[in-house]
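The next block holds one structure in the form of structure tokens; read it before the comments.
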């Protein structure tokens with residue numbers, strides 16, 4: 001395992017070393033120590049490597065991730081896994097605002113709580129939150145799955161498109177055009193797979209599904225006044 005001291009060597013050197021890894025690399029396991037809440041740790045990776053950050057991080061950790069498996073052994077600041085394409089990002093603690101924003105693929109697991117706008121404009125990413133999510137989560141979510149094992153705040157799924165939202169706890173309120181939907185067998189299978197991959201012990205039958213009522217898909221003149 002490669003151990004990188006971020007305090008001693010700096011963020012630019014860390015990201016340069018991680019981004020230089022290829023699919024043929026022998027240096028597949030990395031440990032980052034002394035992160036001290038630094039921003040933009042392990043961004044833009046594109047190789048099947050494992051990176052563990054031993055502590056909490058600042059803004060945009062694991063942004064634009066492809067292929068890599070990144071674990072934050074602490075909490076993450078705003079925008080963790082932003083614009084993620086593939087791979088896995090695990091946050092052992094809590095995540096701040098807009099976790100997984102605009103993510104196109106891969107799996108983001110948050111073992112604690114997520115703040116507001118979790119999964120905003122998600123475009124195919126799967127997000128599993130073991131705790132609660134804040135207000136406006138899945139705002140304009142286009143594709144993918146958001147799983148919330150706890151409660152959801154105000155305006156869940158506001159202006160949602162085709163993303164699927166699964167919540168086990170209470171939903172404070174639903175956003176515009178978001179409604180509760182039938183939980184069919186195929187949705188239980190999707191949810192069961194996501195929970196297993198995330199290492200979370202929960203029963204799919206305990207969740208409710210929410211999604212788009214599709215009333216905002218077409219222009220309505222009555223909405224112009």
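Each reported figure results from applying straightforward, stated rules to the coordinates on display, with no laboratory input. Here the structure is a predicted model, which is why all the values come from computation and not from measurement. Note: ideal-geometry Cβ built from the backbone for every residue, glycine included; neighbour counts use all protein chains shown.
Would you please classify the overall shape of segment 138-189 from the alpha carbon gyration tensor, given that a ≥ b ≥ c denote the square roots of the eigenvalues, rounded means a/c under 1.5, and beyond that prolate means a/b larger than b/c while oblate covers the rest?
Oblate shape, in that a/c is at least 1.5 and b/c is the bigger or equal ratio.
Determine, for 143, 215, the number of other Cβ atoms within 10 Å of each Cβ, and report the residues in order from fewest to most.
Exposure proxy ranking, most exposed first: 215, 143.
So what is the 222 nm mean residue ellipticity for the chain from helices alone, if each DSSP H run of at least 4 adds -39500 (n - 2.57) and you divide by all residues, rounding to the nearest 500 deg cm²/dmol?
Only helices count here, giving -3500 deg cm²/dmol.
Normalising by the residue count of segment 2-217, find the relative contact order in percent from Cα pairs under 8 Å and 6+ residues apart.
In percent, rounded to a whole number, it is 10.
Considering only C-alpha atoms, what is the centroid distance from segment 1-58 to segment 63-128, in Å?
For segment 1-58 versus segment 63-128, the Cα centre distance is 17 Å.
Taking a virtual spin label 7 Å from the Cα of residue 172 along the C-beta vector, which residues in segment 94-118 bring their backbone nitrogen under 13 Å of it?
Residues passing the 13 Å test: 114-118.
Each label point is 7 Å from the Cα along the Cα-to-Cβ direction; what then is the distance between the points at residue 222 and residue 19, in nm?
Label-label distance for residue 222 and residue 19, simple model: 5.2 nm.
For segment 52-160, just say rounded, prolate or oblate: build the C-alpha gyration tensor, square-root its eigenvalues into a ≥ b ≥ c, call rounded for a/c under 1.5, and beyond that prolate if a/b exceeds b/c, oblate if not.
Taking the square roots of the gyration eigenvalues as a ≥ b ≥ c, segment 52-160 is oblate.
How much length is gained if the chain between residue 213 and residue 197 is pulled fully straight, taking 0.36 nm per residue apart and subtracting their Cα-Cα distance, in nm to one decimal?
So the chain would gain 2.9 nm between residue 213 and residue 197.
Which order do the peptides 204-211, 47-54 come out in when sorted by mean C-beta neighbours inside 10 angstrom, highest first?
47-54, 204-211
Could you list 161, 217 so that the one with the fewest beta carbons within 10 Å of its beta carbon is first and the one with the most is last?
217, 161
May I ask you to compute the full-extension gain from residue 8 to residue 189, defined as 0.36 nm times their residue separation minus their alpha-carbon distance, rounded to one decimal in nm?
Answer, rounded to one decimal: 60.5 nm.
Using Cβ contacts closer than 10 Å as the measure, can you line up 4, 166 from fewest to most?
So the ranking, lowest neighbour count to highest, is 4, 166.
Is segment 1-84 rounded, prolate or oblate when judged by the Cα gyration tensor, a ≥ b ≥ c being the square roots of its eigenvalues, rounded requiring a/c under 1.5 and prolate requiring a/b larger than b/c?
oblate
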